[in-house]
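Please read the structure below before turning to the comments.
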Amino acid sequence: MTTAFSSPAAPPSEAAQRDQRVFRVLLRALSYPGRVVLLPALPSAPAPLCPALAGLLLGLLDLEAGLWLTPALDCPPIRSFLTYRAAVQFVATPREAVLAVVDDPAGLPPLDAFHPGEPACPERSTTVLLRVPALAGGPAVALRGPGIEATATVAPRVPYGFWDQWARNHARYPLGIDIIMTDGVGLVGLPRSVGRE
Amino acid sequence: MIPNDDEVAGGYNFAYLDEQTKRMVRRAILKAVCIPGHQVPFGSREMPLPAGWGTGGLQVTASVIGPDDVLKVIDQGTDAATNAVSIRAFFRRVAGLATTERTREASLIQTRHRIPETPLTEEQILVLQVPQPEPLRQLVPRGAAARRLHAFADYGVMYVKLYEDIARFGRVTLAYDYPVLVNGRYLASPSPIPRFDNPKLDNSRALSLFGAGRERRLYAIPPYTRVASLDFGDHPFEVQRWSVGCALCGSRASYLDEIGSGGPGARMFVCSDTDYCEERREASAPARRAAGGGRP
Amino acid sequence: MFSTVTGGEAAIAAAHELLARKRRGDSRVAELGVDQVREQLSLAVDRVMSEGSLHDPTLAALAIKQAQGDLGEAICLLRAFRTTLERFGETEAVDTPSMRIRRRIATTHKSVPGGQLLGPTYDYTHRLLDFALMAENEDLPPDPAVAVAEVVPATLGALEGNALLEAALAAADDAEPGDITRDTITFPSRRDVRLQNLARGEEGFLQGLAYSTMRGFGRNHPFIADLRHGEVEVELQVPELGFPVCVGEITLTECQTVHRYPGDAARPPQLTRGYGLSFGQCERRAIAMALLDRAMRANEFNEEAEFPAQDEEFVLAHSDGVEASGLIQHLKLPHYVDFQAVQQLLEKLRASWPPRPQEFPDDSE
């Protein structure tokens, strides 16, 4: 059994280590919704894609996950950056997306424009990566749900009306979308299971 | 323990799986966390262990783990069980990872059939190996039919089974793999842990990930999530109890294994969680520990 | 760095040591070479390649040597290796009508275009032990230019173009073929997905189920219209070039069956199709696969699917030998925690026994 295993180990590549650390931060953010979790070291990316969104994307993308870019980010340099790094499949509408990237809350499509999954397969939904100006300083909202011991208060800078949309998204549970918010430094996870108190 | 250079394998990627596969498993894990208790299909790969021997847990661990992690692997509660030894050796070989037998020192714990007695923390992740992720399988063998029931949260068939048990036998006849309702929505298998361990899943501080490689499903119970073992008002859920304590550490709060078979009257029980038992014995014998009798 | 050795570790190390000795056997007997396995146990190699889902005779031979000839174990080894391989791309569909034929038979007609070619087969051997082989001095002239017929065109021989025959499926370009190594099978399943599953299904399982259809548990009246074995070219589409290039040759066995079908409201009585394909020379599995392919098309033909071989979830969920062998053998792992729980439950049930005479219900897994 062991003859194949003889030469010394190759340590994980730098990119593989970064992907793993990014994943753990994502996992923590979605496991403990509402908490700000700090991002690890990030890759450089062509403007206007910020390193935080680039790191999250490279950590999650491959051929099998359709990606929708907000129009502001959908430009040749970003497309070729992602294609070169991760062999991405781009999709034309938010509804087809496994992953969607929005770099400004003002450009966020209505949440019901994304795919909410199907009753027997709620996992076939869109995960939205959303860059916000700041994770604090916006309207404060108390969240409740799995991963939250009592309540968790968050105040990301999101447009007026976002939290009403979120309440409708949560009401469709187990259907619905999940959102990862980042201000470039930290992450807050907003799984569909979590509602406004 | 840090592995020696000659334990570590070349020729395979870090933690065996290729990076593309890890990204696929990671996406499935994130979905699973967002929909607690829902079985997420994933493109399970063949692993260099037989299917049914923890390949699901192995793929989850391989996708989650990084060079900074400290891994503990147990089977039946003990690090010394042959399959636990084999899986631990696998990760030392393909990931060059540090491993431990101490629950408190581990950042990632892969387990089969038990949840450690020592309460887990927010800094830990529990990975459970699951042979059959579908709690309805014995009642509704067809996957498509079971998925429809999950879609409508229609779990009447399970309540009927429990009710019939009580009517016939005065109690529910499930001793382990006792179904739980997660976050009030999805019926899930806690994996074949004894009933005794079910309450540990309720509002745990740690994330629990469940991997079923052969059945190509994984699911999650996030921390601070309601996990209710199904029961009835007049027949509340009960866990196993023993009339004696552990013969080694005296614990009356842990799951016990029967050892020896000296016939009735000569039955002896010890903790199934060997690290918990050892820690208790060390704590009660500080002198011995100071003299170097404890573990390095 | 030190490492403590637990009882389990020592036992495993000792078991591996014993295994290595057992594998080697009596050291006075020459060690078996991987090349000997590949050349002289080629049918075992073919089966391991088929169920291992990897066309590599040398690695399959290594797996057989390493597994002491336990083909199930060898298949597990090859699959676990395969899963670590990087994907470079997807090949074009192989063109079996242009197979370079080593063997080809058709049973529906006395003579068919392209002719019958018996080739290397045990079919008409007498199953008598050949004690001459004990002597190990079998010396054949170096690989004679054994008849390798050139292209045998018409896939279904004389039936092609016959109005009785179900039209072949539309070209594969109308839907991307599924990939059971990436996606879980959902039911109802597509035929391409079923065929992929069967192509690496456990041979005994496929054979037993196919046999059951012939004994009346889902009868579908088969004839072998074309059974062929030989080499085909594998072509890979290279985006930079814009045309497919040949990257090598693989050996295949293909079986096409036709099945009597009485028709329904929408379709006249006709011959329907079953299809089997395997790496190497694996005729039994290719035929069994074709019979099961047809059996699982029951819904498509409005047949009542009442028997195991017609039940796609039953067949597809249990056909994989790697998975089946794993779960069966996992019973060898310790189960004493659950057993303790069961024992405690039985003691409690006994204490209140007999409640009412009833059968004991199934426990869960």
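The values are calculated or read from the model by the stated rules, or taken from the named source; none is laboratory data. All of these numbers come straight from a predicted model, not from anything done at the bench. Neighbour counts are summed over all protein chains in view; Cβ atoms, including those assigned to glycine, are modelled from backbone coordinates with ideal geometry.
Exactly one of (1) away from chain C (no Cβ under 11 Å); (2) hydrophobic (A, V, I, L, M, F, W, C); (3) under 23 Å from residue A:120 (Cβ atoms) is unmet by residue B:158. Its number?
(1)
Which of the residues belonging to region B:18-43 are modelled with pLDDT of 95 or more and small (Gly, Ala, Ser)?
Of everything in region B:18-43, those that are modelled with pLDDT of 95 or more and small (Gly, Ala, Ser) turn out to be B:28, B:32, B:37.
Evaluate the following for residue C:13: is it within 13 Å of chain B (Cβ to nearest Cβ), surrounded by fewer than 19 Cβ atoms within 10 Å (Cβ to Cβ), free of Cβ contacts under 8 Å to residues at least 40 places away in the same chain and among the small types (Gly, Ala, Ser)?
yes
I need the strands (runs of 3 or more DSSP E) fully contained in region A:67-167, keeping only those with at least 3 residues that are under 16 Å from the mean Cα position of the chain (by Cα).
Numbers: elements: A:99-102, A:116-118, A:121-125, A:127-131, A:141-144, A:152-154.
Correct list: A:99-102, A:121-125, A:127-131.
Considering only residues that are within 30 Å of residue C:238 (Cα to Cα), among the β-branched types (Val, Ile, Thr) and not in a loop (DSSP other than H, G, I, E, B), look in region C:59-118 and name the one that is nearest to the other protein chains (Cβ to nearest Cβ).
Top of the filtered list is C:91.
Quick check on my filter: what residues within region B:28-42 are in contact with a Ser or Thr (Cβ under 7 Å, 6 or more places away or on another chain) and within 11 Å of chain C (Cβ to nearest Cβ)?
Once the filter is applied, which keeps residues that are in contact with a Ser or Thr (Cβ under 7 Å, 6 or more places away or on another chain) and within 11 Å of chain C (Cβ to nearest Cβ), region B:28-42 yields only B:41.
When you scan region B:231-247, do you find a residue that is farther than 22 Å from residue A:146 by Cα, of a type in the set (Ser, Thr, Tyr) and part of a loop (DSSP other than H, G, I, E, B), even just one?
First pass over region B:231-247, keeping only residues farther than 22 Å from residue A:146 by Cα: B:232-247.
Still in the list and also of a type in the set (Ser, Thr, Tyr): B:243.
If we keep only those that are part of a loop (DSSP other than H, G, I, E, B) too, we end up with B:243.
Among the residues of region B:231-247, at least one is farther than 22 Å from residue A:146 by Cα, of a type in the set (Ser, Thr, Tyr) and part of a loop (DSSP other than H, G, I, E, B), which makes the answer yes.
Residues that are out of contact with any strand residue (DSSP E or B) (no Cβ under 8 Å at 6 or more places or on another chain), within 10 Å of chain B (Cβ to nearest Cβ), without any contact (Cβ under 8 Å) to a residue 60 or more places away in the chain and more than 30 Å from residue B:81 (Cβ to Cβ): does region C:318-337 have at least one?
There is no residue in region C:318-337 that is out of contact with any strand residue (DSSP E or B) (no Cβ under 8 Å at 6 or more places or on another chain), within 10 Å of chain B (Cβ to nearest Cβ), without any contact (Cβ under 8 Å) to a residue 60 or more places away in the chain and more than 30 Å from residue B:81 (Cβ to Cβ).
Scanning region A:96-131 for residues that are at the interface with chain B (Cβ under 8 Å from one of its Cβ atoms) and among the small types (Gly, Ala, Ser), which turns out nearest to residue B:23 (Cα to Cα)?
A:125
Mind checking whether some residue in region C:334-355 is surrounded by fewer than 13 Cβ atoms within 10 Å (Cβ to Cβ), of a type in the set (Asp, Glu) and not assigned by TED's automatic domain parsing to the domain that holds residue C:231?
The answer is yes, given that some residue of region C:334-355 is surrounded by fewer than 13 Cβ atoms within 10 Å (Cβ to Cβ), of a type in the set (Asp, Glu) and not assigned by TED's automatic domain parsing to the domain that holds residue C:231.
Residues B:117, B:122: which one is more than 8 Å from chain C (Cβ to nearest Cβ), assigned to a loop (DSSP other than H, G, I, E, B), charged (D, E, K, R) and surrounded by 22 or more Cβ atoms within 10 Å (Cβ to Cβ)?
B:117
For region C:193-230, how many residues are over 19 Å from residue C:107 (Cβ atoms) and buried (at least 16 other Cβ atoms within 10 Å of the Cβ)? First the steps, then the outcome.
First, pick out the residues of region C:193-230 that are over 19 Å from residue C:107 (Cβ atoms): C:193-206, C:208-209, C:212, C:215-218.
Next cut, buried (at least 16 other Cβ atoms within 10 Å of the Cβ) only: C:193-203, C:205-206, C:209, C:212, C:218.
Total meeting the criteria: 16.
Name every residue in region B:63-80 that is in contact (Cβ under 8 Å) with a residue 12 or more places away in the chain and outside any strand (DSSP E or B), in order of residue number.
Once the filter is applied, which keeps residues that are in contact (Cβ under 8 Å) with a residue 12 or more places away in the chain and outside any strand (DSSP E or B), region B:63-80 yields B:63, B:64, B:65, B:67, B:68, B:69, B:76, B:77, B:79, B:80.
Could you please find all residues in region B:161-171 being surrounded by 16 or more Cβ atoms within 10 Å (Cβ to Cβ), facing chain C (nearest Cβ under 9 Å) and either in contact with a helix residue (DSSP H, G or I) (Cβ under 8 Å, 6 or more places away or on another chain) or modelled with pLDDT of 90 or more (or both)?
Of everything in region B:161-171, those that are surrounded by 16 or more Cβ atoms within 10 Å (Cβ to Cβ), facing chain C (nearest Cβ under 9 Å) and either in contact with a helix residue (DSSP H, G or I) (Cβ under 8 Å, 6 or more places away or on another chain) or modelled with pLDDT of 90 or more (or both) turn out to be B:161, B:165, B:169.
Determine whether residue B:186 is aromatic (Phe, Trp, Tyr), closer than 20 Å to residue C:339 by Cβ and surrounded by 21 or more Cβ atoms within 10 Å (Cβ to Cβ).
When the stated conditions are applied, residue B:186 does not pass them.
Just the residues that are touching a residue at least 12 places away in the same chain (Cβ under 8 Å), facing another protein chain (nearest Cβ under 8 Å) and buried (at least 24 other Cβ atoms within 10 Å of the Cβ), please, taken from region B:45-62.
If the condition is that a residue be touching a residue at least 12 places away in the same chain (Cβ under 8 Å), facing another protein chain (nearest Cβ under 8 Å) and buried (at least 24 other Cβ atoms within 10 Å of the Cβ), then B:45, B:47, B:51, B:52, B:53, B:55 are the ones that fit.
Check whether at least one residue in region A:66-74 is within 14 Å of chain B (Cβ to nearest Cβ) and either touching an Asp or Glu at 6+ places or on another chain (Cβ under 9 Å) or of a type in the set (Lys, Arg) (or both), and report yes or no.
Checked against the condition, which is being within 14 Å of chain B (Cβ to nearest Cβ) and either touching an Asp or Glu at 6+ places or on another chain (Cβ under 9 Å) or of a type in the set (Lys, Arg) (or both), region A:66-74 yields at least one hit.
Report yes if some residue within region B:213-226 is assigned to a loop (DSSP other than H, G, I, E, B), surrounded by 15 or more Cβ atoms within 10 Å (Cβ to Cβ), within 10 Å of another protein chain (Cβ to nearest Cβ) and of a type in the set (Val, Ile, Thr); otherwise report no.
yes
Evaluate the following for residue C:198: is it within 13 Å of the chain's Cα centre (by Cα) and either among the polar types (S, T, N, Q) or part of a strand (DSSP E or B) (or both)?
no
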